[in-house]
Protein chains: 2
Amino acid sequence: MASRARKFDDTWCVVEERFRQKSSLAAESIFTMANGYMGVRGFMEEGGDFPSEAGTYMSGVFDNYDKHYVDLVNVPNFLFTRISVGGEVVNLTSGRISCYRRVLDMRNATLRRQFRFVDSTGRATELAFERFLSMDDVHTAVQRLVVRPINHSSKIEIVAGIDGTVTNIRQFDNPLIRDIILDDHLDEVKKGAFGRNGGYLSVVTKHTAIEIAQAFSVEAGFGHSSRLIKRKRFVARRLAWEAERGGEYCLTKYVSVFSSRDRGVKSPVDRALKHLSVASGRGYEEVLRRHTSAWAGIWEDCDIVIKGSASDQQAVRFNIYHLVCGNSRDDDRASIGPRLLTHTRYKGCAFWDVEIFMLPFFIYTDPMAARSLLMYRYHLLGAARKRASEGHLDGAQYPWMSANDGSEQCQAWAYADCEIHITADIAYGVERYFLATGDEDFMVRYGAEMLVETARYWATRSHYSEEKRGYVIPVVKGPDEYCGVTSNNAFTNMMAANNLRAAAKAVEFVREKDAPGFRRLCRKIRLRDDEAATWRKIAGKMYVNRDSGGELIIQDDNFLDTTPWDVKGLMSDGRPAADKLPYSMLHRIRIIKQADVILLMYLLNERFTREEKFAAWKFYLPLTVHDSSLSYNTHAIVALELGFHKLAYDFFRKTARLDLDIKIGNTDKGVHAASLGGLWQTVVNGFAGMRIRKGLLSFDPHLPKAWRSLVFHVRFRGRKLRVDVKRSGTNVVLVEGDGPVKVRVRGNKVTVKPGSGAAIR
Amino acid sequence: MASRARKFDDTWCVVEERFRQKSSLAAESIFTMANGYMGVRGFMEEGGDFPSEAGTYMSGVFDNYDKHYVDLVNVPNFLFTRISVGGEVVNLTSGRISCYRRVLDMRNATLRRQFRFVDSTGRATELAFERFLSMDDVHTAVQRLVVRPINHSSKIEIVAGIDGTVTNIRQFDNPLIRDIILDDHLDEVKKGAFGRNGGYLSVVTKHTAIEIAQAFSVEAGFGHSSRLIKRKRFVARRLAWEAERGGEYCLTKYVSVFSSRDRGVKSPVDRALKHLSVASGRGYEEVLRRHTSAWAGIWEDCDIVIKGSASDQQAVRFNIYHLVCGNSRDDDRASIGPRLLTHTRYKGCAFWDVEIFMLPFFIYTDPMAARSLLMYRYHLLGAARKRASEGHLDGAQYPWMSANDGSEQCQAWAYADCEIHITADIAYGVERYFLATGDEDFMVRYGAEMLVETARYWATRSHYSEEKRGYVIPVVKGPDEYCGVTSNNAFTNMMAANNLRAAAKAVEFVREKDAPGFRRLCRKIRLRDDEAATWRKIAGKMYVNRDSGGELIIQDDNFLDTTPWDVKGLMSDGRPAADKLPYSMLHRIRIIKQADVILLMYLLNERFTREEKFAAWKFYLPLTVHDSSLSYNTHAIVALELGFHKLAYDFFRKTARLDLDIKIGNTDKGVHAASLGGLWQTVVNGFAGMRIRKGLLSFDPHLPKAWRSLVFHVRFRGRKLRVDVKRSGTNVVLVEGDGPVKVRVRGNKVTVKPGSGAAIR
């Protein structure tokens, strides 16, 4: 969008030079501010008559809308603002607007907006807005408004406060009833005022009984009157003054937010009120400085620097920005929803997206954040055990959609009960986290237990088939969700086998490393001596459907019965197949929604020969319609491995700016988290060719023609490495951490020592 | 229930000697009165404090509860009655009750009820109720109430009228939300009074705009006062009089019902008012006489006389009674719901139950009723064409659940989109109707078109698989609904092949029989010369999964991947598996809900060798849990064919009294229509062994030990035959129709001539 107009002159910013009502909802998603703890969509705080969802969300704050199902709650809007100048309402649709500009500065996560407003009588006023959610102190938000009467002196009134009358728009998958039901999740607990311009509102979620308190105080360094406004679930101050032509009036609103979910918080109201004085006491400059400094630290770890394409550079930063914003790094009872903190779509639930698409970014840039995401799953192991036992199965079965308590939040059986690969995906996350971090404490105390319980699930969910001479897994749905429900999806079967092997290895590791830890584990989950052997046996005999030649892995047992279809014709108009054909058809025609076997070949990279990868690529690519934000990234990575460089870059470009350029119709319902994470993998695992091969971090870079260089950092087993890819060669430098580390660059083993680099041409 | 208490002393009645609140809803279903046009559940018209659904339904009267889905409407309750004696309310829970008795007389479809009521002051009153819905004139209902004060003289008040404030209880399949939402489908059009004790109410359905008018008039041959009561959607008369000890006070209420759906009815109110005077003019005795005479005619055609077991005799009559009651014989725009006119469960929609389980009863006892049921499908061919074309398929695809307009009324894709055998089942009904009736007019004008359009559907829904060397049909669900979604369900594939063959035959038939008719058909549906050959080719090469030996037909491509399970253990407590295990499990364990391959072998009887039938029986029976009212009947018929006579009778007994003895938990939601039809087939096609073999009607009877004889009538190609099965031999007599007819009895071909019989020992 915006960036086209700016010709990419600044790779740190997203700039919107014109406000478009048509894309206002998508822009709200793009311009979301968040700090992991909470997020606010980029809505216009002063209101206006255009599509808007003034959404404010907090990680982990869910509430039931019926007995079994929850939604991510839209919490009170602490940016609520109404403006009038000389008695006329000021917003983007109430007068003539010029000099509009909205800038997301990703370097320090601030949103600034300005416009000139001319009312019906010709009075011109300039307004400038700013907001940020502190990354230094996640309970603090700051909002700023500067008003400049250009050609008039008038009375200005600003209502600034907290609007708790917000509701949730229930997110159905059925388009017939989507967006129709409004759910009201909040009851007022208390509200009040303090000081000259302060106020607070505390609400509680109706079913989960989470109290959320917000306090605000407005500072205005000029004479004004102030009146308190209190309504049901609403508290604000009306500031009024006689403004003079040419004057500049700056209001700063400090907000502090706490909830009863916060560790150690008994009274959210008390904490919010107390905390507010800290922020306001520090003052705007200092709060911003600390916030900026926190973001500087983040970028030092996770920025990717691309020379040669400002467009790609900006896109990659945009992706990283939202990944960081949306993750509740310090809260291991919350995970990341498919739209992060930018929208409630999919009810904010964690899917496999977290472990397969997003987790690698955190593993390699912020391992503690990755651990926190895995701990979220660990805490919900009890619910997963319960689910498995309800299905008469051993171990633990994770839900397809997971919110606050680990109960299944998906209401469609074909996904909830059949897309069971989620359990193996989570185990994969545990395995890969450990492989990259070597976090033994995690493995001994938590990881091994997760791997064992998930392996037990697979050991009972599969069974030996005499006909197929292998272990089979019936009634599943693989990543290609356009398939109906099938048996022996290769992805599911092989990821399950990987889960079983990883569990056997983990048991061995804990037994050898930590004898007391092992005894604890055995006692806690009644681990028997013979279990690991059983898992290895099942993994070794897991059935995978292959064609008669043996090289082509068949996606699932029913795949070849589907009707051949004109896939190119279907894709020609750019609209997803599901918008054009009923599901009853999608299920029975030979098209693939997104990488399935191809994704498997990326994830379990070392388990396949190059011939198998080629055979799959040749067979499946022409059938794949890429109707998911998860597809192109995976294809780009595998394309690079197979040497299809140009194609890979094309695929990269297709998703790099997916949300930023509003290429996909549903950015109005938030940015696509899995795609953000997938893009990071496309750059690092794709263009830099990073893999772990036989325990060594290895790189096999290939720069796109458009790029001159690619620089990024990865953390690996306690060390931080700087990877510098140029046409002239690749340089790996140890920038943090002790001791030499061996890496492989283009197949050559090199040792990276402190302060030194390992350059391979 | 009741019948146990009565020791089956009357095989024409169902008697309840004690009112049980616990089973009051089920009893309401059992005691339903209906005449095909309308039905009323057997609720207590005077009210009372116990579970009750005062349901009144009319065939074909549906209304939307959202944009896409409809429900069978609960129309105004014209039996509404309230009674007070000496100021005290009289009903079954407001005083002491004795001498209770409720009798359904199936011979003339009347419901009589009596009890003695003693109030708190010791006043005893006897009450007797009677109701029937005329079968002679389906717009007429009669209700009678006789009150006898035994030991007191008191003022008696009776409120009698029409209650239009009724609502629908929405029938969800999800138990979590079942029975919670009340839908109000009716708006008042007008109401009023006439004569001394008359009143009328007219309402209209909110979306489908069907006007329903009911008029009533109460006759009381004794002095009384009468007051009109009018409220919103409610009109009644309050009759009051000073009753004397020992007196007998009889009130007769005539009701007439019309709707704007009725052919030729412009103003339902005018028609109802005019019509009412006809009924009341005839008087109670005459209206009852005509009704009784109509039922006598029905029983002459469709009664089955069993000597030796009063219990079986009563059960069989009960089944036939409800089948006749629930079918809107003269309205070919309506079909039969799974609970007939006894409840709105499954929203009153037509399923495959109609063609596969109920249609044979009508084909052989009342061919015009069968034709009407098929015409219902013919009229909805347009909607089926639309559905097929939405799925990019040729021809016509019938919905899994069909109500008023042929749109899909099932909301779950695994059924709506996958249980596609419904289309072949309807074609099977057409084929079998024609085979039995020889109705050439129907075939030329309607049947051939249906067969062609459904065949075209299959020709595109299947496709040739090089791997399987046959035509495959992916993404389906067979009759065994405990399977998930699968491919190449043998039932679906072979019924589709049958559909294709039947279409080819029909085209040939019409071409030869009726040249102008054939030209009309070709023009109308653009029939091409080469189509029939294509259908025959596909049918001939339809893939059916078989074990390596070749004799065992495998239910579907995923069946052998399911996990073996302890089926006996699962069945041991008598509760259905779905109440004990989640569907995610049912889908992946090796259990079968109901006859699937076994049903196929009954329906396409001649297509299988005896060895194939035995192999299937041996393999599938131990896996089948019979969790559907459709399963035992089919198994009984096939058991008889295979010579398992005792087992067959056991199976027969399991379903014969399914509803009557409230053996199944959900009789509260209506009697099970498919089971009723299945029972008729068990007797006629099972115990009498009736088949059509090479065009000849054939019998291969086997009387259960408990039976001395079995007598029934069947209509076949314009003739009516009486079949008399005794231990000493089987006698077939031509009782109606011209010309001799050949039948086969125990394999011997015999000619049945007018007035003669064909007896085979």
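The values are calculated or read from the model by the stated rules, or taken from the named source; none is laboratory data. This structure is a prediction, so every number in the text was calculated from the model and none was measured. All Cβ positions, even for glycine, are placed from backbone atoms using ideal geometry, and neighbour counts span all protein chains on display. Heads up: the accessible areas ignore ligands, DNA and RNA and are worked out on the full protein's heavy atoms, side chains in. Shrake-Rupley method; radii C 1.70, N 1.55, O 1.52, S 1.80 Å.
Considering region A:618-639, the residues that are within 28 Å of residue B:473 (Cβ to Cβ) and of a type in the set (A, V, I, L, M) include one that is farthest from the other protein chains (Cβ to nearest Cβ), namely A:621. Note on region A:116-129: among residues that are open to solvent by 30 Å² or more (accessible area, probe 1.4 Å) and part of a strand (DSSP E or B), the one that is farthest from residue A:272 (Cα to Cα) is A:116.
Meeting the requirement of 3 or more residues that are open to solvent by 10 Å² or more (accessible area, probe 1.4 Å), the helices (runs of 4 or more DSSP H) wholly within region A:628-718 are A:631-642, A:645-656.
For every residue, the table says whether it meets (1) out of contact with any Lys or Arg (no Cβ under 7 Å at 6 or more places or on another chain); (2) buried (at least 19 other Cβ atoms within 10 Å of the Cβ).
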position	(1), (2)
B:46	no, yes
B:52	yes, no
B:62	yes, yes
B:69	yes, yes
B:72	no, yes
B:88	yes, no
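Within region A:555-570, residues that are in contact (Cβ under 8 Å) with a residue 60 or more places away in the chain and closer than 20 Å to residue B:470 by Cβ have Cβ atoms under 8 Å from residues that are acidic (Asp, Glu) and in a helix (DSSP H, G or I) in these pairs: A:557/B:561, counting only partners at least 6 apart in sequence or on another chain. Among strands (runs of 3 or more DSSP E) lying entirely in region A:46-112, which contain 1 or more residues that are under 23 Å from residue A:325 (Cα atoms) and out of contact with any Pro (no Cβ under 9 Å at 6 or more places or on another chain)? Passing ranges, in order: A:56-58, A:62-64, A:70-72, A:96-105.
Would you check if residue B:227 is out of contact with any helix residue (DSSP H, G or I) (no Cβ under 7 Å at 6 or more places or on another chain), open to solvent by 10 Å² or more (accessible area, probe 1.4 Å) and under 18 Å from residue B:255 (Cβ atoms)? Break it down into steps so the answer makes sense when it comes.
Working: out of contact with any helix residue (DSSP H, G or I) (no Cβ under 7 Å at 6 or more places or on another chain): yes; open to solvent by 10 Å² or more (accessible area, probe 1.4 Å): yes; under 18 Å from residue B:255 (Cβ atoms): no.
It is false that residue B:227 is out of contact with any helix residue (DSSP H, G or I) (no Cβ under 7 Å at 6 or more places or on another chain), open to solvent by 10 Å² or more (accessible area, probe 1.4 Å) and under 18 Å from residue B:255 (Cβ atoms).
Has region B:29-39 got any residue that is buried (at least 19 other Cβ atoms within 10 Å of the Cβ), outside any loop (DSSP other than H, G, I, E, B) and not hydrophobic (A, V, I, L, M, F, W, C)? Give the steps one after another, and end with the answer.
Step one: filter region B:29-39 for residues buried (at least 19 other Cβ atoms within 10 Å of the Cβ), giving B:29-39.
Right, trim to outside any loop (DSSP other than H, G, I, E, B) and you get B:29-30, B:33-34, B:38-39.
Pick out the ones that are also not hydrophobic (A, V, I, L, M, F, W, C) and you get B:29, B:39.
Scanning region B:29-39, I find at least one residue that is buried (at least 19 other Cβ atoms within 10 Å of the Cβ), outside any loop (DSSP other than H, G, I, E, B) and not hydrophobic (A, V, I, L, M, F, W, C), so the answer is yes.
Taken together, the criteria place residue A:478 among residues that are away from every other protein chain (no Cβ under 13 Å) and closer than 14 Å to residue A:557 by Cα. The single condition among (1) at pLDDT 95 or above; (2) open to solvent by 20 Å² or more (accessible area, probe 1.4 Å) that residue B:113 does not meet is (2). Scanning region B:391-414 for residues that are within 19 Å of the chain's Cα centre (by Cα) and within 12 Å of another protein chain (Cβ to nearest Cβ) returns B:399, B:400, B:410.
Considering region A:588-617, the residues that are over 16 Å from residue A:628 (Cβ atoms) and within 14 Å of chain B (Cβ to nearest Cβ) include one that is most open to solvent (accessible area, probe 1.4 Å), namely A:590.
Within the group A:437, A:454, which residue is touching a Pro at 6+ places or on another chain (Cβ under 7 Å) and away from chain B (no Cβ under 14 Å)?
Numbers: A:454 fails: touching a Pro at 6+ places or on another chain (Cβ under 7 Å).
Being touching a Pro at 6+ places or on another chain (Cβ under 7 Å) and away from chain B (no Cβ under 14 Å) holds for just one of A:437, A:454, which is A:437.
Of all residues in region B:374-393, those that are on the phi > 0 side of the Ramachandran plot have Cβ atoms under 8 Å from Cβ atoms of residues that are in a helix (DSSP H, G or I) and buried (at least 20 other Cβ atoms within 10 Å of the Cβ), 6 or more apart or on another chain, in B:392/A:585.
In region A:576-587 there is at least one residue that is assigned to a helix (DSSP H, G or I), open to solvent by 10 Å² or more (accessible area, probe 1.4 Å), out of contact with any His (no Cβ under 9 Å at 6 or more places or on another chain) and within 17 Å of residue B:474 (Cβ to Cβ).
Across region A:209-224, what is the number of residues that are open to solvent by 60 Å² or more (accessible area, probe 1.4 Å) and over 34 Å from the mean Cα position of the chain (by Cα)?
Quick first cut of region A:209-224, residues open to solvent by 60 Å² or more (accessible area, probe 1.4 Å) only: A:209, A:219, A:221, A:223.
Narrowing the set further to residues that are over 34 Å from the mean Cα position of the chain (by Cα) leaves A:219, A:221, A:223.
Final tally of qualifying residues: 3.
Annotation: of all residues in region B:230-260 being among the basic types (Lys, Arg) and in contact with a strand residue (DSSP E or B) (Cβ under 8 Å, 6 or more places away or on another chain), the one that is surrounded by the most Cβ atoms within 10 Å (Cβ to Cβ) is B:253.
Within region B:204-212, identify whether any single residue is of a type in the set (Ser, Thr, Tyr) and over 20 Å from residue B:65 (Cα atoms), and answer yes or no. Walk me through it before giving the result.
Of region B:204-212, the ones of a type in the set (Ser, Thr, Tyr) are B:205, B:208.
If we keep only those that are over 20 Å from residue B:65 (Cα atoms) as well, we get none.
No, that holds for no residue.
Number of residues in region B:525-575 that are crowded, with 19+ Cβ neighbours inside 10 Å and in a strand (DSSP E or B): the value is 3. When residue A:695 is tested against the conditions (1) free of Cβ contacts under 8 Å to residues at least 40 places away in the same chain; (2) of a type in the set (Gly, Ala, Ser); (3) under 22 Å from residue A:641 (Cα atoms), the lone failure is (1). Could you check region B:600-643 and list, in sequence order, the residues that are acidic (Asp, Glu) and closer than 18 Å to residue B:698 by Cα? B:606, B:641 - these are the residues of region B:600-643 that are acidic (Asp, Glu) and closer than 18 Å to residue B:698 by Cα. Consider residue B:568 against the criteria (1) under 29 Å from the mean Cα position of the chain (by Cα); (2) over 28 Å from residue B:322 (Cβ atoms): it satisfies all of them except one. Which criterion is unmet? Condition (1) is where residue B:568 drops out. Close Cβ contacts (under 7 Å, 6 or more residues apart or on different chains) running from residues in region A:460-475 that are more than 7 Å from every other protein chain (Cβ to nearest Cβ) to residues that are in a loop (DSSP other than H, G, I, E, B) and open to solvent by 20 Å² or more (accessible area, probe 1.4 Å) comprise A:460/A:394; A:468/A:543; A:470/A:541; A:470/A:543; A:471/A:541; A:471/A:543.
Scanning region A:471-494 for residues that are under 26 Å from residue B:547 (Cα atoms) and in contact with a strand residue (DSSP E or B) (Cβ under 6 Å, 6 or more places away or on another chain) turns up A:471, A:472, A:488, A:489, A:490, A:493. Hey, can you tell me all the residues within region B:349-385 that are open to solvent by 10 Å² or more (accessible area, probe 1.4 Å) and among the small types (Gly, Ala, Ser)? Listed by number, the residues that qualify are B:372, B:382, B:383. Looking at residue A:274, is it in a loop (DSSP other than H, G, I, E, B), on the phi < 0 side of the Ramachandran plot, within 32 Å of the chain's Cα centre (by Cα) and not polar (S, T, N, Q)? Here the answer is no, as residue A:274 does not meet what is asked.
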